[in-house]
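The values are calculated or read from the model by the stated rules, or taken from the named source; none is laboratory data. Predicted, not measured: the structure shown is a model, and the values here were computed from it. All Cβ positions, glycine included, derive from the backbone under ideal geometry; neighbour counts span all protein chains shown. When the accessible area is computed, the model is the full protein with side chains, heavy atoms only, and any ligands, DNA or RNA have been set aside. Shrake-Rupley method; radii C 1.70, N 1.55, O 1.52, S 1.80 Å.
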There are 2 protein chains.
Amino acid sequence: MTVTSADAVTDGQGAVLLLDRTRAAVHPELRSTVESLPGSIRRVAMYHFGWEQADGTPAAGQAGKAIRPALVLAAARALGADPAHAVKAAAAVELAHNFTLLHDDIVDEDHTRRHRPTAWTVFGIPDALMAGDAMSALALRLLAEDPHPASGAAAARLAACVIELCAGQQADCAFEQRGPGEVSLDECLAMATAKTGALLGCACALGALYAGAGEEEVAALDAFGREAGLAFQLIDDLIGIWGDPDRTGKPAGADLAARKKSLPVVAALTSGTPAGEELAALYSRTALDAAAVRAAADAVERAGGRDWAQARAADSMGRAVEHLARAVPDLDAAGDLLALAEFVTRRTR
Amino acid sequence: MTVTSADAVTDGQGAVLLLDRTRAAVHPELRSTVESLPGSIRRVAMYHFGWEQADGTPAAGQAGKAIRPALVLAAARALGADPAHAVKAAAAVELAHNFTLLHDDIVDEDHTRRHRPTAWTVFGIPDALMAGDAMSALALRLLAEDPHPASGAAAARLAACVIELCAGQQADCAFEQRGPGEVSLDECLAMATAKTGALLGCACALGALYAGAGEEEVAALDAFGREAGLAFQLIDDLIGIWGDPDRTGKPAGADLAARKKSLPVVAALTSGTPAGEELAALYSRTALDAAAVRAAADAVERAGGRDWAQARAADSMGRAVEHLARAVPDLDAAGDLLALAEFVTRRTR
């Protein structure tokens, strides 16, 4: 945790190092907690995290980038605590995140996660659903059993966050059922904040709680994480349209082919422009071929959806920094958090 | 809470009164907590509890018998506490129970719950799944936010119980996929203990925790609830075969028609008797008509499955009482708990 903010912000290498160190610090706790799950549920969880093959033999896979645990540890450090004391909180947040992935993959009928078949395609829906349920309870159990004085407040906060994540995912599914133009940009922003921003905010808030921070600091860290999370989602949505298939592992325009109502798409659909109407006409089809996907991407761009999303992401990052500065005036102490926020909004896959 | 154990055990009216009083005491907390859920998730939850119709208009339905909350309050009282202080714990246990119902109905593809269409058939799987997820987190949030000194330990215990419930449901689903004779009676008893006993045990343990009881008393109350829960499941399985359709609302032999590996069935299948082999042959069919269901019920009985289940239920109740007597030697103080245990194992629907 000796990376300076200057290093981090300028080249992104600081964030990569931070994530490496977070995984090294949190992985043992995370893994031993997952290994405490009963029999068949443990097997699904071990597979999902990439630690085992479907047949139970060991796998060397990586359990994810660990952005959320890194935010917990960085927030604790920014507020003067030893991040080592917040390792259980970091593991709990990662468990909660992975619970949502397990259930989202079922609901969204996604077949691939981290370049492997999703758990429900391997073990069936009942096993994947129960493993997700158990992982959610495990996250809260880890906090409830932690003797740290902040653990009770952290458990309450994470539980509230899980409810918000569920509401975000529910809204996302509901939007897919509505016609083009029937989802407002405000609704879409609220959904993205609940589905992505809430847990990044909660991660930062838990780090602050574990540092013994007061209510205002905790709220400021939460707001920082939420705005960074919204920026992250906006960039993710741009990648879902214009990302490089070689880097994303998905075909170009995957989100358009699935007619997802992502933020740039909704911005275009609600733009009142002729290009927005073209996009609505394309989205009214039952399926989009490669040519239609290209036409849709072009329409989003001409309707201003791409520029809007980029500007809105920059705007969110600006607000995130303002929130952070309220709680951590010393930019050097806040360096890790800034590096992580920059990292998630600059990534290209 | 003035019912004496003598009243209760003899005629069951005491338990009915206890349940009525529990609903009156816990319902406001339960309802206001559910109403705190965000938008669409609240709607699914309000429907599930019978408080709203599918279109959101009010319904006068009953939210369930409230056996688990009644156990929380009765356990608190048995150990000398004012049950009013354990109302949040009682509501949390009922939320956790209803979370499992929402998800079990999805996994089991059940269409009817409390004489109404199940939530997933009304709102779709994504909404019902997310509502269950949120309800699980809400249960733990209610405890984590409760200022009562026992709330942290209670949250940890309920989270551990949720994990066990998931393992039980997972095992239940896995057993359905195996052939007749491929599930041992011990496996089946362990599954029923996890799926049904664990939450009844947890309810009693939470009541004890809220009464400030020591570890041994909490463990004894947990063991009491677990054994009573196993007896409850055994009786439930007998009703699933020989229950009166007019009372159960299900066709006679519903569990046999679905070829469920319930406890009396597994006892028969593993009996080594000719009748057990007849049953295995019937269970190897793809579907059982009414005549086959009658033949299967007859085979379970001749193989000794019915007698075994009745004897095992009585045995569990005996053990339950022994556990209870360890923690609450005064039979009068333990009266409500005994009345509830008798009620759940004597009910005919």
Breaking point among (1) assigned to a helix (DSSP H, G or I); (2) within 14 Å of chain A (Cβ to nearest Cβ), for B:ASP110: (1)
Residues of the range B:213-234 satisfying the condition of being open to solvent by less than 30 Å² (accessible area, probe 1.4 Å) and among the aliphatic types (A, V, I, L, M): B:ALA213, B:VAL218, B:ALA220, B:LEU221, B:ALA223, B:ALA228, B:LEU230, B:ALA231, B:LEU234
Leading residue by the ranking (nearest to the other protein chains (Cβ to nearest Cβ)) among those in the range B:43-73 that are open to solvent by 50 Å² or more (accessible area, probe 1.4 Å) and farther than 24 Å from B:ALA86 by Cα: B:ARG43
Residue list for the range B:199-255, filter: closer than 30 Å to B:ARG306 by Cβ and either assigned to a loop (DSSP other than H, G, I, E, B) or touching a strand residue (DSSP E or B) at 6+ places or on another chain (Cβ under 8 Å) (or both): B:GLY243, B:ASP244, B:GLY249, B:LYS250, B:PRO251, B:ALA252, B:GLY253
Whichever residue in the range B:286-320 is touching a helix residue (DSSP H, G or I) at 6+ places or on another chain (Cβ under 7 Å) and more than 22 Å from B:GLY243 (Cα to Cα) and, among such residues, is surrounded by the fewest Cβ atoms within 10 Å (Cβ to Cβ): B:ARG319
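From B:VAL93, B:VAL122, which residue is in a helix (DSSP H, G or I), β-branched (Val, Ile, Thr), on the phi < 0 side of the Ramachandran plot and surrounded by 24 or more Cβ atoms within 10 Å (Cβ to Cβ)?
B:VAL93
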Matching entry among B:VAL93, B:VAL16, B:VAL9, B:VAL107 (being touching a helix residue (DSSP H, G or I) at 6+ places or on another chain (Cβ under 9 Å) and at pLDDT 95 or above): B:VAL93
Number of positions in the range A:39-62 that are free of Cβ contacts under 8 Å to residues at least 24 places away in the same chain and outside any helix (DSSP H, G or I): 9
Among (1) facing chain A (nearest Cβ under 8 Å); (2) surrounded by fewer than 24 Cβ atoms within 10 Å (Cβ to Cβ) - the single one B:HIS115 does not satisfy: (1)
The lone exception for B:PRO149 - which of (1) at the interface with chain A (Cβ under 9 Å from one of its Cβ atoms); (2) out of contact with any Asp or Glu (no Cβ under 9 Å at 6 or more places or on another chain); (3) not aliphatic (A, V, I, L, M) it fails: (1)
Pair list, Cβ < 8 Å and 6+ apart or interchain, from the range A:159-187 residues that are part of a loop (DSSP other than H, G, I, E, B) and modelled with pLDDT under 95 to residues that are surrounded by fewer than 17 Cβ atoms within 10 Å (Cβ to Cβ) and not hydrophobic (A, V, I, L, M, F, W, C): A:GLY179/A:SER284; A:PRO180/A:SER284
Which listed residue, of B:ALA267, B:ALA320, B:ALA327, is out of contact with any Pro (no Cβ under 8 Å at 6 or more places or on another chain), within 23 Å of B:ALA66 (Cα to Cα), in contact (Cβ under 8 Å) with a residue 60 or more places away in the chain and of a type in the set (A, V, I, L, M): B:ALA320
Enumeration of residues in the range A:256-265 that are open to solvent by less than 20 Å² (accessible area, probe 1.4 Å) and part of a helix (DSSP H, G or I): A:LEU256, A:LEU263, A:PRO264, A:VAL265
Residue satisfying condition, being open to solvent by less than 30 Å² (accessible area, probe 1.4 Å) and either away from chain B (no Cβ under 11 Å) or of a type in the set (Ser, Thr, Tyr) (or both), within set A:LEU199, A:LEU185, A:LEU158, A:LEU165: A:LEU199
Single unsatisfied condition, A:GLY197 versus (1) touching a Phe, Trp or Tyr at 6+ places or on another chain (Cβ under 9 Å); (2) within 14 Å of A:VAL321 (Cα to Cα); (3) free of Cβ contacts under 8 Å to residues at least 60 places away in the same chain: (2)
Residues located in the range B:182-223, provided they are polar (S, T, N, Q) and under 23 Å from B:PHE343 (Cβ atoms): B:THR193, B:THR196
The range B:27-38 - residue that is within 14 Å of chain A (Cβ to nearest Cβ) and in a helix (DSSP H, G or I) and, of those, nearest to B:ASN98 (Cα to Cα): B:VAL34
Residue within the range A:170-181 that is within 11 Å of chain B (Cβ to nearest Cβ) and closer than 18 Å to A:GLU94 by Cα present: no
Residues (more than 9 Å from chain B (Cβ to nearest Cβ), out of contact with any Leu (no Cβ under 7 Å at 6 or more places or on another chain) and in contact (Cβ under 8 Å) with a residue 60 or more places away in the chain) located in the range A:119-143: A:VAL122, A:PHE123
